[in-house]
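Colleague: Have a look at this one.
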Amino acid sequence: MPANSAEPTARVDVVLVKAGRTKIRYEAELLDDDGTRIAVRAPWAGDGVRDFGFVRFESGDVFTEYYWRDRWYSVKEVRDAAGTLKGWYCDITRPARRTGAELVAEDLDLDLWRSADGTDVRRLDEDEFAESGLAQTDPQAAAAAVAALDELESLARGSGFEALLA
């Protein structure tokens, strides 16, 4: 390869699965895969604007996403088009799997939001989780999901959150 040519950027397809169906699939830049944690970066992949009331995801937002093969969650750092940190959206998922250029995470309905300044930490979608029936169909997975949410909330309210992503 000539000295002035750029090394091609590694890409992966991120596939978020929910209740056995693909919820969303999008292409992301692979930043790192150390065998345990996988980091990717992608623009907002949703349709239009998603306004939660406490944060808006919109065109131009950039997500740096962290997935673990040994943890029951993923963490998405959200920045606007100018690079200003909005906060972190955390999904409770089964441990991620990467096969070649595909990264798969199964969403288990529970979520957590932490604002950029750390003053707003909120649990989300606990009603959806209860309605999913996971506690009845897979009690071990349900217990792991609740424990993961508790762990993330503790980190988000304390000083260990940023260290998780370092």
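The values are calculated or read from the model by the stated rules, or taken from the named source; none is laboratory data. Quantities reported herein were computed from a predicted structural model and do not represent experimental measurements. Here the Cβ is made from the backbone with ideal geometry for all residues, glycine too, and neighbour counts use every protein chain on show. Remember, those area values only see protein heavy atoms, side chains included, never the ligands or the DNA or RNA. Shrake-Rupley method; radii C 1.70, N 1.55, O 1.52, S 1.80 Å.
Colleague: Do you know which of the residues in region 72-125 that are of a type in the set (Ser, Thr, Tyr) and part of a loop (DSSP other than H, G, I, E, B) is farthest from Ser59 (Cα to Cα)? Steps first, answer last, please.
Modeller: Initially, region 72-125 is screened for residues of a type in the set (Ser, Thr, Tyr), giving 73-74, 84, 89, 93, 99, 115, 119.
If we keep only those that are part of a loop (DSSP other than H, G, I, E, B) as well, we get 84, 119.
Details: Thr84: 14, Thr119: 25 Å.
The qualifying residue farthest from Ser59 (Cα to Cα) is Thr119.
Colleague: From the set of residues in region 97-107 that are under 15 Å from Lys18 (Cα atoms) and in contact (Cβ under 8 Å) with a residue 40 or more places away in the chain, which is surrounded by the most Cβ atoms within 10 Å (Cβ to Cβ)?
Modeller: The qualifying residue surrounded by the most Cβ atoms within 10 Å (Cβ to Cβ) is Ala105.
Colleague: Output the number of residues of region 25-50 satisfying the condition of being touching a strand residue (DSSP E or B) at 6+ places or on another chain (Cβ under 8 Å), modelled with pLDDT under 95 and farther than 21 Å from Leu108 by Cα.
Modeller: Total satisfying the criteria: 1.
Colleague: Another question about this same structure. If you go through region 122-165 one residue at a time, how many are modelled with pLDDT of 95 or more, within 17 Å of Glu77 (Cα to Cα), touching an Asp or Glu at 6+ places or on another chain (Cβ under 8 Å) and open to solvent by less than 30 Å² (accessible area, probe 1.4 Å)?
Modeller: Here the count works out to 1.
Colleague: Please work out if Ile38 is closer than 23 Å to Gly83 by Cβ, of a type in the set (Val, Ile, Thr) and part of a strand (DSSP E or B).
Modeller: Yes: the conditions hold for Ile38.
Colleague: Which numbered condition trips up Ser59, out of (1) loosely packed, with under 12 Cβ neighbours inside 10 Å; (2) more than 21 Å from Val14 (Cα to Cα)?
Modeller: Condition (2) is where Ser59 drops out.
Colleague: Considering only residues that are under 19 Å from Lys18 (Cβ atoms) and in contact with a helix residue (DSSP H, G or I) (Cβ under 6 Å, 6 or more places away or on another chain), which ones fall in region 113-140?
Modeller: Within region 113-140, Leu134, Ala135 meet the criteria.
Colleague: Another question, if that's okay. Does Arg94 fit the bill of being open to solvent by 30 Å² or more (accessible area, probe 1.4 Å), touching a residue at least 40 places away in the same chain (Cβ under 8 Å) and in contact with a Phe, Trp or Tyr (Cβ under 7 Å, 6 or more places away or on another chain)?
Modeller: Against the criterion (open to solvent by 30 Å² or more (accessible area, probe 1.4 Å), touching a residue at least 40 places away in the same chain (Cβ under 8 Å) and in contact with a Phe, Trp or Tyr (Cβ under 7 Å, 6 or more places away or on another chain)), Arg94 qualifies.
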